[in-house]
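The structure appears right after this line, and notes come after that.
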Amino acid sequence: MRSLEAYRELIGRVETLAQSSPLRYRINLALLAILGFGYVVAMALVTVGAAVGVLVLLVISKSVVLFKLGLVPLALAYMLVKALWVRLPPPEGRRLNPREAPALFEEIERVRKATNARPVHEVVLTPDFNAAVTQVPRLGVLGWSRRYLIIGLPLLASLPPYQFRAVLAHEFGHLAANHARFGNWIYRVRQTWRRVLEALEHSQSAATRLFTWFFEWYTPYFNAYSFVLARANEYEADRESARITSHDDAADALVAVYAKGSYVEAEFWKAFYARADEQPHPPAQPFVEYLNGLRSIPPDAAERALAGAMGRSTGIEDTHPSLSDRLAALRVRARVPACFQITAAHALLGAKRLQLMEEFDLAWRESLAQPWKERHAFMQAMKERLTAYEAAARERELDDAERWELAGAVEAVRGGLAALSVLDELLRRAPEHAPALYARGRIRLDDNDEGGAADIEHAMRLDDEAREPGAQLLYTYFYARHDLSRCDRYRGTLQQVQQERQLAAAERSQLRAQDVLHPHGLEQDTLAEWIEVLESDQTVRRAWLARKQVRHLARIPAYVLCVQFKMLSTGGEGRLTQIGNALSAGRSCLAVTGTRASRRLRKLDGALIFER
């Protein structure tokens, strides 16, 4: 199944089956999961059997060749069995205990009992505007899960107590219906398949093809079946939330979560980070400002956010249904979120909320400091550039390079739409200017002008480096509009780029006898950077540099650096890796050592770039 349209049709058929025959659907999903798991286990048993068979022949024939041959299936079997053991990390966040927030834990326990859900082992507080329950297996695919209730402090600080209770009831509804347990098992199986395929890709063996054909058929079906389960569980959890609270309370909680989230993404963060244009340092209390913004949304912004949330339709990119579909299932109309003085954080955390907010504020200040500083410096430089170029334009005609710089400065300071006129003039003078085409297309797409797609595609044809970001941009644009037929085209481009990158990485990972080497062709000032790295390692005696002829991603030069260490020095391989990593920024460089490699590079003019 290679098209998104076909995948959407499959999900539709599975949804129909789940509605008409729920038991048959769950049985099919369980069997489908077992099928994939059984295939991997069967292949592991086959490889173990093959290894044992070869070793038996070895004992009989005493052949060294057969011994080496027996190691191949045995190594493959080990790799497959290891892949079956999937360990998931626990969720990150601030652990809470009942002594810190007794009222919160009492409310959690009341809702848990009302839903008849199993207890959670830990409550984790996060800075995200979200809530969730998750089960982390302690024995891999064998289960024995530890249950976590994840609560976002922004959710607590922006919802009234009754709406937070509805959110809690929804999450415990998943546990009560055993959604999380079955879903976690499905997730672990999915992770197993991913790890198996990754291991086989690295092996570069013929066995890869044996698994690829199966998973190309199996994965879309398994994903579609598990997708439908996850979406059905959301509707069931909504009904449980309405039963514990009321239909109106459950609906108001959903509206608040969707609308506040939409407001933050569309308006709050844009205004928040825009302050870096003038202020060199982030706010003293960034997390508190975030909470205040969520709690007190201006009425007109709340209406816009709700309209935007209600306008989104259910798609295949998220297992959560759209807000409009969830409200329709509850048979309740949307109401604009209101502001409340008493929030769940006030009622359930009390004075503890101030300490928790201070903890998150400290973490946010530390994480924001550097990117905020960089954005401020960038904007100051853009403003200076804009002033200089506009002054120059009043005195003379700008060349194409200057117009391109001017367009970037205008977009940074005044916005993308303001830069369109500059880009239009540049493209009138230089119609094949790929960066300008890409920038104009991106701005037009941001303004919901589908004509920008033509500019992006033109830029992709002119500049190979624009293929990947252009395909990703167009894929995202049309995916959000559920135009899956057009998405398939760009997904194909992304797959081609990924395959080319993998082939290039494999080609550059080793120096083979048949590889063609050329003089490096680098200027002395560029070589100075390499020489500085080599000089800093006192164990390096000599180093030769060459350029390797490559087939894949040939536009990115591939270099081979052969390093000769001093006699009796130890840890050469580790230092070689460090040297290679130090030289890899913006370059493709393979660091090697050895007499054979040095002999090949010595024959090239100017290959010796360092000698102590």
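The values are calculated or read from the model by the stated rules, or taken from the named source; none is laboratory data. This structure is a prediction, so every number in the text was calculated from the model and none was measured. Cβ placement follows ideal geometry from the backbone for every residue including glycine, while neighbour counts extend to all protein chains displayed.
Go through region 391-413 and give me each residue that's under 25 Å from Glu374 (Cβ atoms) and free of Cβ contacts under 8 Å to residues at least 24 places away in the same chain. Show your work before the answer.
Applying the first criterion (under 25 Å from Glu374 (Cβ atoms)) to region 391-413 yields 401-402, 404-413.
Across region 391-413, the qualifying residues are Ala401, Glu402, Glu405, Leu406.
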Subject >> Flag for Ser367 being at pLDDT below 95, small (Gly, Ala, Ser) and either assigned to a helix (DSSP H, G or I) or assigned by TED's automatic domain parsing to the domain that holds His482 (or both) >> reply: yes
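Among the residues in region 542-553, are any modelled with pLDDT of 85 or more and polar (S, T, N, Q)? First the steps, then the outcome.
Initial filter on region 542-553 (modelled with pLDDT of 85 or more): 542-553.
After this cut, where a residue has to be polar (S, T, N, Q) as well, the list is 549.
Yes, the conditions are met somewhere in region 542-553.
So which residues in region 386-404 are part of a helix (DSSP H, G or I) and either surrounded by fewer than 18 Cβ atoms within 10 Å (Cβ to Cβ) or touching a Pro at 6+ places or on another chain (Cβ under 8 Å) (or both)? Let's see the steps before the verdict.
First, pick out the residues of region 386-404 that are part of a helix (DSSP H, G or I): 386-393, 400-404.
Across region 386-404, the qualifying residues are Thr387, Ala388, Glu390, Ala391, Ala392, Ala393, Asp400, Ala401, Glu402, Trp404.
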Original post:
Can Leu534 be described as part of a helix (DSSP H, G or I) and farther than 30 Å from Arg444 by Cβ?
Top reply: yes
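So that you can scan it fast, the table gives a plain yes or no per residue for (1) closer than 30 Å to Arg243 by Cβ; (2) modelled with pLDDT of 75 or more; (3) assigned to a loop (DSSP other than H, G, I, E, B); (4) out of contact with any helix residue (DSSP H, G or I) (no Cβ under 8 Å at 6 or more places or on another chain):
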residue: Ile34; (1), (2), (3), (4): no, yes, no, yes
residue: Lys68; (1), (2), (3), (4): no, no, no, yes
residue: Pro89; (1), (2), (3), (4): no, yes, yes, yes
residue: Glu92; (1), (2), (3), (4): no, yes, yes, yes
residue: Arg99; (1), (2), (3), (4): no, yes, yes, yes
residue: Leu104; (1), (2), (3), (4): yes, yes, no, no
residue: Val111; (1), (2), (3), (4): yes, yes, no, no
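Conditions (1) surrounded by 18 or more Cβ atoms within 10 Å (Cβ to Cβ); (2) part of a loop (DSSP other than H, G, I, E, B); (3) at pLDDT below 85, marked per residue:
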| position | (1), (2), (3) |
| --- | --- |
| Arg146 | no, no, yes |
| Gln191 | no, no, yes |
| Glu201 | no, no, yes |
| Tyr225 | yes, no, no |
| Leu229 | yes, no, yes |
Original post:
Is it fair to say Ala117 is modelled with pLDDT under 95 and of a type in the set (Gly, Ala, Ser)?
Top reply: yes
Original post:
Given the conditions (1) surrounded by fewer than 18 Cβ atoms within 10 Å (Cβ to Cβ); (2) in contact (Cβ under 8 Å) with a residue 12 or more places away in the chain; (3) polar (S, T, N, Q), which single one is not true for Ser241?
Top reply: (1)
**OP:** Please give the number of the condition Gly311 fails out of (1) surrounded by 14 or more Cβ atoms within 10 Å (Cβ to Cβ); (2) within 29 Å of the chain's Cα centre (by Cα).
**Re:** (1)
